[in-house]
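Encoded as structure tokens, the structure appears first; notes follow it.
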Amino acid sequence: MPAVAGSLYMASQHKGVPPLPPRPLPVINLGRLTMDSASRALAVRDIVLACRERGCFEVVNHGISRSCMNGALEAASEFFQLSTERKEEFASDDIRQPIRYDTSSRDGISMSRSFLKHYANPLDDWIKFWPTQPPTYREKMGEYAVETQRVSMQLMEAILQGLGLGPSYLQEKLEGGVQFVALNNYPQSSAKKADNIGLAPHSDYGFLTILLQSSPGLEVMHHEDDDWTPVPAIPGALHVHVGDHLEVLSNGRLKSLVHRAVLNPNESRISIASIHGLSMDEEVHCAEELIDEDHPRMYRGSSFQDFLDFLPANMNKYKRFVESLRIDKP
Ligand SMILES: O=C(O)CCC(=O)C(=O)O
Ligand SMILES: [Fe+2]
């Protein structure tokens with residue numbers, strides 16, 4: 001957004017004028033990354049600007065077909081329609097299980113959703129843990145997972161280039177990194193229940209989350225905003241947001257995005273969040289290149305394992321895992 005419009009926006013927030021509608025979220029045409037170098041440079045700039053100023057953006061022209069996206073949503077929907085008994089084969093209190101189904105609020109952040117969570121990269125290591133019902137689950141979710149992993153690589157290369165670290169920074173570690181897929185199933189909101197929160201505010205572990213939603217319900221709040229912005233469900237688009245480890249890697253230049261899900265008044269809703277980070281034991285540190293006298297190291301290093309250790313005891317203490325990593329913690 002141009003500076004003038006930005007300051008008008010801010011002014012209207014402070015003079016008791018009725019609040020402006022939420023600013024539209026940036027939409028990035030990912031096809032520009034593979035065009036000529038001038039188009040790529042502009043796309044890289046737009047992506048990093050969106051990460052910095054909004055913590056998120058929508059991507060179109062990402063190369064994942066509509067049938068692949070719809071196939072994943074259908075597979076998820078068919079899984080959630082299975083009998084409770086069937087789904088509970090995957091139920092576990094142990095957050096280290098390679099696959100986990102739950103309906104309760106035991107993880108501290110879910111209110112009325114049910115979810116299935118599993119790993120996906122490299123696919124051959126994980127697909128054997130996935131459901132065999134519905135019969136197309138592995139094929140459809142597998143295809144979608146491989147495609148989102150590809151898009152995550154493209155996005156990370158662009159972000160790392162835009163941060164001045166170069167497009168091949170951490171490349172091998174990212175290729176072999178964790179891809180954690182969370183399928184969320186929310187009921188339609190009921191007029192009887194006052195609470196329409198499906199998933200309480202939190203940020204995601206990892207560098208990036210790529211999210212596909214069957215209908216609107218995701219809401220985001222950038223650290224400079226004071227209200228929630230609903231994320232539209234643009235047909236064919238995917239939503240991307242910054243995770244805690246990108247905040248660490250960028251030494252605070254990018255901030256992880258707080259988001260939540262509200263129940264949709266018109267229909268039940270499915271979302272598929274694909275979270276991308278380094279492998280389980282690989283620690284993420286602030287990039288040395290982004291540390292200097294004016295920008296001292298802001299966070300201590302941590303791995304996905306550390307996040308799993310942190311989760312059970314601290315879920316309600318910090319909205320964002322990254323706050324627990326700050327060196328200058330208040
Ligand atoms: O359902 C949504 O839109 C949000 C899901 C989410 O934030 C998550 O799975 O971490
Ligand atoms: Fe999330």
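Answer with yes or no whether Ser77 is modelled with pLDDT under 95, under 21 Å from the mean Cα position of the chain (by Cα) and not in a strand (DSSP E or B).
Judged against the criteria, Ser77 is not a match.
Look at Gly63 and say whether it is on the phi > 0 side of the Ramachandran plot, modelled with pLDDT under 95 and under 20 Å from the mean Cα position of the chain (by Cα). Show your work before the answer.
On the way: on the phi > 0 side of the Ramachandran plot: yes; modelled with pLDDT under 95: no; under 20 Å from the mean Cα position of the chain (by Cα): yes.
The answer is no for Gly63.
Can you pull out the residues in the stretch 249-268 that are surrounded by 19 or more Cβ atoms within 10 Å (Cβ to Cβ) and either closer than 20 Å to Tyr318 by Cβ or within 14 Å of ligand 2 (Cβ to nearest atom) (or both)?
Selection gives Leu249, Ser250, Asn251, Leu254, Lys255, Ser256, Leu257, Val258, His259, Arg260, Ala261, Val262.
Might you check whether a residue that is within 14 Å of ligand 2 (Cβ to nearest atom), closer than 24 Å to Phe57 by Cβ, assigned to a helix (DSSP H, G or I) and within 18 Å of the chain's Cα centre (by Cα) occurs anywhere in the stretch 312-330?
yes
Taking the stated definitions as given, is Ser190 over 29 Å from Glu289 (Cβ atoms), in contact with a Lys or Arg (Cβ under 6 Å, 6 or more places away or on another chain) and either at pLDDT 95 or above or surrounded by fewer than 17 Cβ atoms within 10 Å (Cβ to Cβ) (or both)?
No.
Tell me, yes or no, whether the stretch 160-169 has at least one residue that is open to solvent by less than 10 Å² (accessible area, probe 1.4 Å), touching an Asp or Glu at 6+ places or on another chain (Cβ under 9 Å) and not aromatic (Phe, Trp, Tyr).
No; the residues of the stretch 160-169 include none that is open to solvent by less than 10 Å² (accessible area, probe 1.4 Å), touching an Asp or Glu at 6+ places or on another chain (Cβ under 9 Å) and not aromatic (Phe, Trp, Tyr).
Just checking, does the stretch 227-248 include any residue being at positive phi and either open to solvent by 10 Å² or more (accessible area, probe 1.4 Å) or part of a loop (DSSP other than H, G, I, E, B) (or both)? Walk me through it before giving the result.
Taking the stretch 227-248 first, the residues at positive phi are 236.
Those still in the list that are either open to solvent by 10 Å² or more (accessible area, probe 1.4 Å) or part of a loop (DSSP other than H, G, I, E, B) (or both) too: 236.
Yes: the stretch 227-248 contains one or more residues that are at positive phi and either open to solvent by 10 Å² or more (accessible area, probe 1.4 Å) or part of a loop (DSSP other than H, G, I, E, B) (or both).
Just to be sure I understand, how many residues within the stretch 276-309 are open to solvent by 20 Å² or more (accessible area, probe 1.4 Å) and either within 16 Å of ligand 2 (Cβ to nearest atom) or among the polar types (S, T, N, Q) (or both)?
Residues flagged as open to solvent by 20 Å² or more (accessible area, probe 1.4 Å) and either within 16 Å of ligand 2 (Cβ to nearest atom) or among the polar types (S, T, N, Q) (or both) within the stretch 276-309 amount to 3.
Assess whether Ala182 counts as being within 11 Å of ligand 1 (Cβ to nearest atom) and either over 11 Å from the mean Cα position of the chain (by Cα) or on the phi > 0 side of the Ramachandran plot (or both). Show your work before the answer.
Numbers: within 11 Å of ligand 1 (Cβ to nearest atom): yes; either over 11 Å from the mean Cα position of the chain (by Cα) or on the phi > 0 side of the Ramachandran plot (or both): no.
In short, no.
Given the conditions (1) open to solvent by less than 10 Å² (accessible area, probe 1.4 Å); (2) in a strand (DSSP E or B); (3) more than 13 Å from ligand 2 (Cβ to nearest atom); (4) polar (S, T, N, Q), and given that Asn185 satisfies all but one, which numbered condition is not satisfied?
All conditions are met except number (1).
Which residue, of Gly176, Gly198, Gly217, is within 9 Å of ligand 1 (Cβ to nearest atom), at pLDDT 95 or above and touching a Ser or Thr at 6+ places or on another chain (Cβ under 9 Å)? If you could, list the steps in order and put the result at the bottom.
On the way: Gly176 fails: within 9 Å of ligand 1 (Cβ to nearest atom); Gly198 fails: at pLDDT 95 or above.
Within the list Gly176, Gly198, Gly217, the selection yields Gly217.
Anything in the stretch 191-216 that is on the phi < 0 side of the Ramachandran plot, part of a loop (DSSP other than H, G, I, E, B) and not aliphatic (A, V, I, L, M)? List them, or say none.
Selection gives Lys192, Lys193, Asp195, Asn196, Ser203, Asp204, Tyr205, Phe207, Ser214, Ser215, Pro216.
Ile210 passes all but one of (1) surrounded by 23 or more Cβ atoms within 10 Å (Cβ to Cβ); (2) modelled with pLDDT under 95; which number fails?
(2)
If we keep just the residues of the stretch 14-37 that are open to solvent by 60 Å² or more (accessible area, probe 1.4 Å) and in a helix (DSSP H, G or I), which is modelled with the lowest pLDDT?
In the first step, residues of the stretch 14-37 are kept if they are open to solvent by 60 Å² or more (accessible area, probe 1.4 Å); the result is 14-22, 24, 27, 34-37.
Within this subset, residues satisfying the condition of being in a helix (DSSP H, G or I) are 14, 34, 37.
Working: His14: 57, Thr34: 95, Ser37: 95.
That would be His14.
The values are calculated or read from the model by the stated rules, or taken from the named source; none is laboratory data. All of these numbers come straight from a predicted model, not from anything done at the bench. Glycine also receives a Cβ, built like all others from the backbone with ideal geometry; neighbour counts cover every protein chain displayed. Calculation scope for accessible area: heavy atoms of the full protein, side chains included, ligands and nucleic acids excluded. Shrake-Rupley method; radii C 1.70, N 1.55, O 1.52, S 1.80 Å.
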